[in-house]
Structure formats: C-alpha cells, structure tokens
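The values are calculated or read from the model by the stated rules, or taken from the named source; none is laboratory data. Only a predicted model underlies this, so the values are computations on that prediction, with no experimental measurement involved. All Cβ positions, glycine included, derive from the backbone under ideal geometry; neighbour counts span all protein chains shown.
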Amino acid sequence: MKSLTLRPTPPFDFRHSISQVESWPRTYFHAWTGETYFQSLSLDTFSTAFALTWNGNIEEPELQLDLPDQLTDLQIREVETVVNRQFSIGYDLRRVLSDVADVKLQHLLEKRKGFHPVIFPSPWECIAFSIISSQVSDRLAKRTIENLMEKYGSRIEWQNMDFLCFPRPDEFAKATPAELKELSLSRQKIDYLSGLSSRLAKKELNFNDWKSLSDEELIANLKSIKGIGAYTSAFAVPFGFGRMEAIVPLDGSFRKVLASVYDVPPFSDEDYAEILKTWGKYREIALFFVWTEFDERKRAEKKSGK
C-alpha cells in the first residue's frame, strides 16, 4: 500500500464532511468506519480505490491517503489532485466566516465548523448522474447507476474489499443502445450519454482544457453539449468542477430546502432573491451547508418516526 499525507486548509473537520456523503445512496461511496473512508474512483484512463484517514485536529488537520501498490507515480499524482478537489481540501472557510453577513448562515457555518463540501470525482460522473436522475425517482436513478457500475464499470479488489467503479467514458461508450435501454434509460438519455462518453473517450472533448475558463464561459460551453441544459450546467459547475464561488442559478427545489432550514413559510420572490444576494460570491458554499443541514433534519425525523 502507498500512502501520502494531505494537509487541508483549516478549519477542517473530516467527520462533518463525511456526514454529507452519508446521506448519499451507497452507490457513490464504499464504506466509512468512523475513522477511515473508502471509495472507488474512475478517472480518464484508469480506475482504482483509495482510503482517507483523518489525523490531527480541526485547526491542524491532516489526512492520510492510502492507495493500491500497483499505481504508477503519475497515477498517484492524478489521484491526489482529484481527491484534493473532491473534498475541497484547499478551500479556505475562514474567508466565508469573516465575510458572510447572514445570521442564519453564520450559525450553520459555526455549527459545522470545518465542514468542507464533497463533490463528484469528475465532471463526467457529475453530468452523467444529473442526466440519469432527471425526471425519475431517486430509487430508479440509484438502481440504474448500480446496474451501470455492475455491467460496465471496473471492479477493484483491495483491502479485502470489492469496489465497483462508475464506468469511465471509454467503458460507457462500449455499451449499445439496446443494452442501455434494458437499464431503464430513455432513448433520449441514451443518446445524450453515449454521445458525451464517446467524445470524451476519443479525446474530442477534454474537461481539463476548461480549467482556465471564466464561470460564464464554462456554463456556455457546457450548454453547447447535447443534453446539457440550464439545470445540469448549473449543477456541474460546483458539483463537478469544484467552483465554489461561482454564481449560478439555484432551482426551485433548493428554494424549498432553504425555507425549511430557515424555518419560514415559502419565500416570496423578493425574500429569496435578497438572501441569495446577501450570500454574495459564497452562494455555492452556502448551498452545501444548507442542504447538509436539511438532510440531517430529515434523518433525525425519520429516526424519531415523525
């Protein structure tokens, strides 16, 4: 096993960050022991697994990243880069704590001090998830993704565990429309996903080339891809590309989540717009804190039987 030391920007509390992951379906992560987090990982040209163990404390945090022995030095560096982005390890929350004026948001920031948002490992996986889950139930989306992982994703054996990986673009592109239809994907979604995976696999499109684009240019480029509209592009900017200070549209479902967390009746258009304006460039960070609080309340209600 190969190990690296990662040093997140404080404040950093890994357990708070993992609480976000725990609300996800088991499709997207493998295991969390309370000390160590295990996950499969699909990158452009290879699939693997990794483990993260939190050491240190909130103000002097340290993560141990463990990887399989067979990875090359180049692959190790690639995994390190992705893990840093996925767990927002370099994001400085101190700026948010000092700048945000909204009292409710300040309370959430203090309550979850050290929570760094967790996003998808890659833009491809984020976009594919958004397309697959569009206009279907969470249960159907979860089953479809599990079937895709089972049929087309790599399987990794490591640490006495079996890891299923989300299909890389080159793996997904091999699936035929007939096979994908059997997994409850609509003809339209098959067309979108097959077209995107094929372009990525053939290197006709490379999301890494978009790193230097402005937020507006990134959204415009995303919307130029067949099957990616306003919602998926707005979702992909923070959740796929890790841009935590982009100003992107927030849809109606988040408006309901916000009203629930702020314990108010449904917002008027003016009230909702005013809160988003108050958050300024930290809207995406606020989204993660608010949604995580909402998920925690739902779990508590379910546990209490309400």
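Exactly one residue out of A31, A49 is of a type outside the set (S, T, Y) and in contact with a His (Cβ under 8 Å, 6 or more places away or on another chain), and it is A49. Per the conditions (1) under 30 Å from N206 (Cα atoms); (2) within 22 Å of the chain's Cα centre (by Cα); (3) not hydrophobic (A, V, I, L, M, F, W, C), the sole criterion not satisfied by P10 is (1).
Out of the residues in the range 107-136 that are of a type in the set (A, V, I, L, M), part of a loop (DSSP other than H, G, I, E, B) and touching a helix residue (DSSP H, G or I) at 6+ places or on another chain (Cβ under 7 Å), which is nearest to S184 (Cα to Cα)? Residue satisfying both the conditions and the ranking: I119.
Pairs meeting the criteria (first residue in the range 285-296 and hydroxyl-bearing (S, T, Y), second residue surrounded by fewer than 21 Cβ atoms within 10 Å (Cβ to Cβ), beta carbons under 6 Å, at least 6 apart or on different chains) are T292/Q20.
May I ask you to verify whether L74 is free of Cβ contacts under 8 Å to residues at least 12 places away in the same chain, of a type in the set (A, V, I, L, M) and either assigned to a loop (DSSP other than H, G, I, E, B) or more than 19 Å from G240 (Cα to Cα) (or both)? Step through it out loud before you land on a result.
Numbers: free of Cβ contacts under 8 Å to residues at least 12 places away in the same chain: yes; of a type in the set (A, V, I, L, M): yes; either assigned to a loop (DSSP other than H, G, I, E, B) or more than 19 Å from G240 (Cα to Cα) (or both): yes.
So L74 fits the description; yes.
Can you give me the number of residues within the range 19-40 that are out of contact with any Cys (no Cβ under 7 Å at 6 or more places or on another chain), buried (at least 20 other Cβ atoms within 10 Å of the Cβ) and at pLDDT 90 or above? Residues in the range 19-40 being out of contact with any Cys (no Cβ under 7 Å at 6 or more places or on another chain), buried (at least 20 other Cβ atoms within 10 Å of the Cβ) and at pLDDT 90 or above: 2 in total.
Of all the criteria given as (1) in the same structural domain as F50 (by TED's automatic domain parsing); (2) of a type in the set (D, E, K, R); (3) not in a helix (DSSP H, G or I), the one not satisfied by K104 is (3). Put simply, of L63, L97 the only residue that is within 23 Å of the chain's Cα centre (by Cα), modelled with pLDDT under 90, outside any loop (DSSP other than H, G, I, E, B) and closer than 16 Å to T9 by Cβ is L97. I'd like the residue in the range 111-128 that is more than 12 Å from S19 (Cα to Cα) and β-branched (V, I, T) and, out of all such residues, is surrounded by the most Cβ atoms within 10 Å (Cβ to Cβ). Out of the qualifying residues, it is I127. In the range 66-110, of all residues being surrounded by fewer than 16 Cβ atoms within 10 Å (Cβ to Cβ) and of a type in the set (K, R), the one that is nearest to E22 (Cα to Cα) corresponds to R94.
Here's the yes/no breakdown for (1) without any contact (Cβ under 8 Å) to a residue 24 or more places away in the chain; (2) surrounded by 18 or more Cβ atoms within 10 Å (Cβ to Cβ); (3) within 19 Å of the chain's Cα centre (by Cα):
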{"position": "I190", "(1), (2), (3)": "yes, yes, no"}
{"position": "S194", "(1), (2), (3)": "yes, yes, no"}
{"position": "L213", "(1), (2), (3)": "yes, no, no"}
{"position": "S224", "(1), (2), (3)": "yes, no, no"}
{"position": "G229", "(1), (2), (3)": "yes, no, yes"}
{"position": "R255", "(1), (2), (3)": "yes, no, no"}
